[in-house]
1. Taking the condition among the small types (Gly, Ala, Ser) and either part of a strand (DSSP E or B) or crowded, with 16+ Cβ neighbours inside 10 Å (or both), does SER313 pass?
2. Among the residues of the range 350-369, write down those that are crowded, with 17+ Cβ neighbours inside 10 Å and assigned to a helix (DSSP H, G or I).
3. Could you please tell me which pairs satisfy a Cβ distance under 6 Å, a separation of 6+ or placement on different chains, a first residue in the range 472-494 that is farther than 17 Å from LEU419 by Cα, and a second residue that is surrounded by 22 or more Cβ atoms within 10 Å (Cβ to Cβ) and hydroxyl-bearing (Ser, Thr, Tyr)?
4. Which residues, counting only those in the range 405-424, are assigned to a loop (DSSP other than H, G, I, E, B) and either free of Cβ contacts under 8 Å to residues at least 12 places away in the same chain or under 25 Å from the mean Cα position of the chain (by Cα) (or both)?
5. When you scan the range 318-348, how many residues do you find that are assigned to a helix (DSSP H, G or I), of a type outside the set (Ser, Thr, Tyr) and over 19 Å from the mean Cα position of the chain (by Cα)?
6. Taking ASP287 and the conditions (1) closer than 23 Å to LEU97 by Cα; (2) modelled with pLDDT under 85; (3) of a type in the set (D, E, K, R), which numbered condition does it fall short on, given that it satisfies the others?
7. Taking the residues in the range 97-123 that are among the charged types (D, E, K, R) and in contact (Cβ under 8 Å) with a residue 12 or more places away in the chain as candidates, determine which candidate is surrounded by the fewest Cβ atoms within 10 Å (Cβ to Cβ).
8. Look through the range 238-277, keep the residues that are under 23 Å from LEU209 (Cα atoms) and either touching a Lys or Arg at 6+ places or on another chain (Cβ under 9 Å) or among the polar types (S, T, N, Q) (or both), and return whichever of them is surrounded by the fewest Cβ atoms within 10 Å (Cβ to Cβ).
Amino acid sequence: MNAHHYWNGVEMRTVMASADPDAPARAITLPANWDDEAAAALADLVPGTRAISLPSESARWIDALIPHGKEQSPSGETISGRSLAWLLILRQAAPTLAVWHGAFDRRPGFVLNLGAFVLPGEGFAAETFVAALRLLCLTLRTEAKAKAMRRNGELPLDEVSDREPSLFDLPETPSAPIPDTTGDLLPDAPLPIAGEILLTNLDACLAGLGLDYDSDMGRDAACSLVALTTLVAREGTGCDHLPLMPHRHVIPGLTAAIRDAWSRAAVETDVPEARIETGFSSSGPVDALLGCEACGIAPIFSPLSPDGRLAVSALNRLAAKGLSVEAALAASLAGETPLLLPGTDAHMRMYRALAGFVDRVPARPDPTMPIPPRILPRGVIHPLPERHAGIAQKASVGGHRFFLRTAEYEDGTLGEISLTPARESAMVRGLMESFSQAVSLGLQYGAPLEDYIERFAYSSFGPAGTVEGDPVTSYATSILDYVFRSLSSLYLQQRLPDAPHEENGGDSSPLLPFDVAQTEGKPTQPPRRGLRLVS
């Protein structure tokens, strides 16, 4: 194994990192232009406590797939291990966990980073993408033919090799081939599966092309990319295994690549190639190693990178709109939204658009998943729109009636609250309104609602007692206790339980200055003061 043969000329650096913050750090050697998140992902890929070198680890699986560094496939094409290494160096493709761990009894595969094929100022590199796909498919098929007899459950039985096969000899798994007396596949036999090609970082790819995730053009572009991937994977398998075709292509230069892939795939063959399934990756260390902002087809929910700066996808979307960072900040100060964050409904629409172009789709997006919290730049207020939604709730705590009103942003997150007592003094009314304005101002500056709930839920002061008018709570230790537990149920989908009821009640006056002293759980009677005659 010669790792330097594959990584010759690449500048490297060594950092201390670990996948688990509580675990001891390990020395990890990786390319100098890779981030520290990739080092942590590599520590997750390689178990143990020893030092890790990415060239050595990659050379391990490359030599397992291509023992001599360069191999000729049965079809006459040459597979180069250095080409596989360069796909990893450029963070365009990486093998799945089964290949990293050397578990070749499981189905091997590769993960392709769609965002890495978008070149600045040039658009999507269709020819490079197709060449990478064909190289990976050829590698998987060649490896499957070379090691098919070594896999568990596929060893030949010599004692039955001389008799004719019968229906009772059919394999248990539908993906295994059905041999005839000549060793070829029967006409109706399902094709064996040589591996899988998984796509990831779709939203970052669309951002590099200047397309919004939740748009018709964005979904059309995604359909074209996924259809091209499946077409290339189907080359050599016959006309019966072709995928659907999208109704239009919006990425420049992709139409010619799709037509060429279709002409190669729509060819009848008597000896079909092994099938390669296509799909989307799931969250894991391989995606982090490739520097993906979002795994599979999931959208990018935050415009910020882990270091607090604007992510590459956010910068690309601003550039596509002709906005600099300063112009985007000015637009935010003016009340505009230069970067629209997609929600779970956009994820579901993308899921439905791509379901017919791949073999295996990921799990359906959860429509009940709460929307991620709005992330605002520090020191920048995000005012509410002129027309907004919200709730109006009339309730009472301990017999004291009040009104709770809220205002929401377009995505349903909370932006303003208003507390109005029904029959209280002018001072109490002014304090409640001032408190509401302070909380609303904090929310519009990006303060998390969770912090307010943590501070004010279960606060105890009068009035307290039974809650009427809202089934969320039945007892509250104060008006603020009820308000913030109600907001937790409405906007965080977290219902907090009632606090234990105080026995013997207590003074429910909203202006009670001091608590009555207690001894051994019983209130102490204040000393009686009688009149005293003074002569």
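1. Against the criterion (among the small types (Gly, Ala, Ser) and either part of a strand (DSSP E or B) or crowded, with 16+ Cβ neighbours inside 10 Å (or both)), SER313 qualifies.
2. Once the filter is applied, which keeps residues that are crowded, with 17+ Cβ neighbours inside 10 Å and assigned to a helix (DSSP H, G or I), the range 350-369 yields MET350, TYR351, ALA353, LEU354.
3. VAL472/SER486; THR473/TYR482
4. Listed by number, the residues that qualify are TYR409, GLU410, ASP411, GLY412, THR413.
5. 11
6. All conditions are met except number (2).
7. My answer is ASP105.
8. This residue is THR255.
The values are calculated or read from the model by the stated rules, or taken from the named source; none is laboratory data. Just so it is clear, the structure is predicted and the values come from calculations on it, not from any experiment. As a convention, Cβ positions derive from the backbone with ideal geometry for all residues, glycine included, and neighbour counts pool all protein chains shown.
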